[in-house]
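Down below is the structure, laid out as structure tokens.
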């Protein structure tokens, strides 16, 4: 017990307290810091420069969390219903693949796909939509959804496989009963599947929500927060402020805000989906 | 299971489309990697003369040999220690139910939600203070700490589900707590420990933020950290960048193909347990 607690305390809890401590100072990381009380927090919640990243992370939540989970439910139920064959397991494996490669690699790969001469534009041109082709990650309007797209690609497999295991545990008799009543795919999904995988949906939402709010790797390599500040998320902003601008106090305040934000999003999800578990 | 024909048809089509969506990016960078270095091909285009030499070139400029050694060293530094510590702690919380176990568990679970960004700033200054900044140790030590919540959570779930009779009968035979751990429960926990080892290795290998912040020299970083630096250098040479990405991904891919089944189950159990 003790060694685990020591490592955890030393390299996780202690830094966390230090982050909180730093957040009350104005410090450049070198000289002595100056106590500024809550000033840094006031800036985090009033300065659009710092609020922007927080809003962006909520927009990412749609792409990293809502879409992969929804699409995951559909995919998993399809595999469960029609493809318990070889094809189904091959599909599962393939869709899962992006989950094991570094996020940095996903960022680089998609950086190229979404570039002006990349595949995405090639496909659009091939189907006669060449007019909307553009450098997706370099356009103010599309950069954030384009980053979100990368998130979908990475997280869909994880959600699908996890939800599938949830479905495998549902009593087959329930499905038989539903079929006897003539339920189609949609009716079956609503009446049998969704209630049965409530817990797994909760886990998916939790994991993906953390991935969205704390996103760093993908954004760092694909856009670096740009163009302008259109894809700046808290992780990136913290990195810039702390290690490039040397405004350690401000960066720390944003980091604390991020920690609280993650908890604020996750706790209700956990509450809703696990209440009857404990 | 019975399903109508149209349903089957549409369903298969949908799954095939998703698979294409997943695979196409890999195909694209593979094709691109075969174009002459420095040229600007379009996204999906088989080159006139495939430049297989690009992979050799990427292997060289990315200093792949050193990278594999560096990442392996970090994994070796992180994983065995993390496994030992989390197994012991999981045993104490899950099986011995030491006083305060509930609170300790909650403390660790809180750590599961903690974004790395929340602690990376002080980690930088701490590493500087104790003089390990820019060494692999600066990645290894914090990672062990950061893996504790998951590791403990994971091992606790295993130990908490062990039937009590095993422990009781060992106690009756006069086993000390240490014997109980070492001779009875450790061998029984081999499966979950192995899965945990795979997971932690991949997460270490793919760790980016800590490597970026704490270690400047790419050849001392993790694989992902090095890839980030590689991208910084060769962002304009698309074919070489693609070749480099593939070369760096190759080890992970091989492992995935070999350990595919264990890996998927491990990842899943990890999130459902508890």
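Computed from the coordinates by the stated procedures, all read-outs in this text should not be read as laboratory data. Model, not experiment: these values are computed from the prediction. Cβ: placed from backbone, ideal geometry, glycine included. Neighbour counts: every protein chain shown.
Put simply, the convex hull of the Cα atoms in the protein assembly as shown casts, on average, a shadow of 28.0 nm². Kirkwood hydrodynamic radius computed over region A:86-141 comes to 13.1 Å, based on all pairs of distinct alpha carbons. Just so you know, the averaged projected area of the alpha carbon convex hull for region B:157-227 sits at 6.5 nm². Taking a ≥ b ≥ c as the square roots of the Cα gyration tensor eigenvalues, with a/c under 1.5 meaning rounded and otherwise prolate when a/b beats b/c, else oblate, which class fits region B:4-82? Since a/c reaches 1.5 but b/c is at least a/b, the shape of region B:4-82 is classed as oblate. A Stokes-Einstein calculation at 25 °C with viscosity 0.890 mPa s, built on the Kirkwood radius of region A:2-274 over Cα pairs, returns a diffusion coefficient of 117 µm²/s. Mind pulling the angle between the C-alpha long axis of helix B:190-205 and the longest principal axis of chain B? Nearest 10 degrees, somewhere in 0 to 90. It works out to around 40 degrees.
Against the main long axis of the alpha-carbon atoms of chain B, helix B:117-129 sits at an angle near 90°.
Here the spin labels are modelled as points 7 Å beyond Cα on the Cα-Cβ line, and at residue B:49 and residue B:68 they lie 2.9 nm apart. On a per residue basis, the convex hull of the C-alpha atoms belonging to region B:21-145 measures out at 199 Å³. In this label model, residue A:45 and residue B:175 are separated by 5.4 nm, measuring between points 7 Å along each Cα→Cβ vector. Between residue B:186 and residue B:254, the contour length at 0.36 nm per residue exceeds the Cα-Cα span by 21.5 nm. Using the alpha-carbon positions of region B:145-274, Rg (one decimal) and Dmax (whole number) come out as 20.3, 70 Å. Distances between every pair of Cα atoms in chain B, grouped in 10 Å steps from 0 to the bin holding the largest one, split as 6, 22, 25, 23, 15, 7, 2, 0 percent. Projected onto its three principal axes, the C-alpha set of region A:1-51 covers 44, 27, 16 Å, listed from the longest axis down. Tell me, rounded to the nearest percent, the portion of alpha carbon pairs in region B:75-140 spaced more than 15 Å apart. The calculated P(r) of region B:75-140 puts 67 percent of pairs beyond 15 Å.
Using the Cβ-Cβ distance between residue A:181 and residue B:7 with R0 set to 22 Å, the FRET efficiency from 1/(1 + (r/R0)^6) comes to roughly 0.85.
The label point for residue A:270 and the one for residue A:246, both projected 7 Å from the Cα toward the Cβ, are 3.9 nm apart. What angle, in degrees between 0 and 90 and rounded to the nearest 10, separates the Cα long axis of helix B:101-113 from the longest principal axis of the Cα atoms of chain B? Its long axis makes an angle of about 10 degrees.
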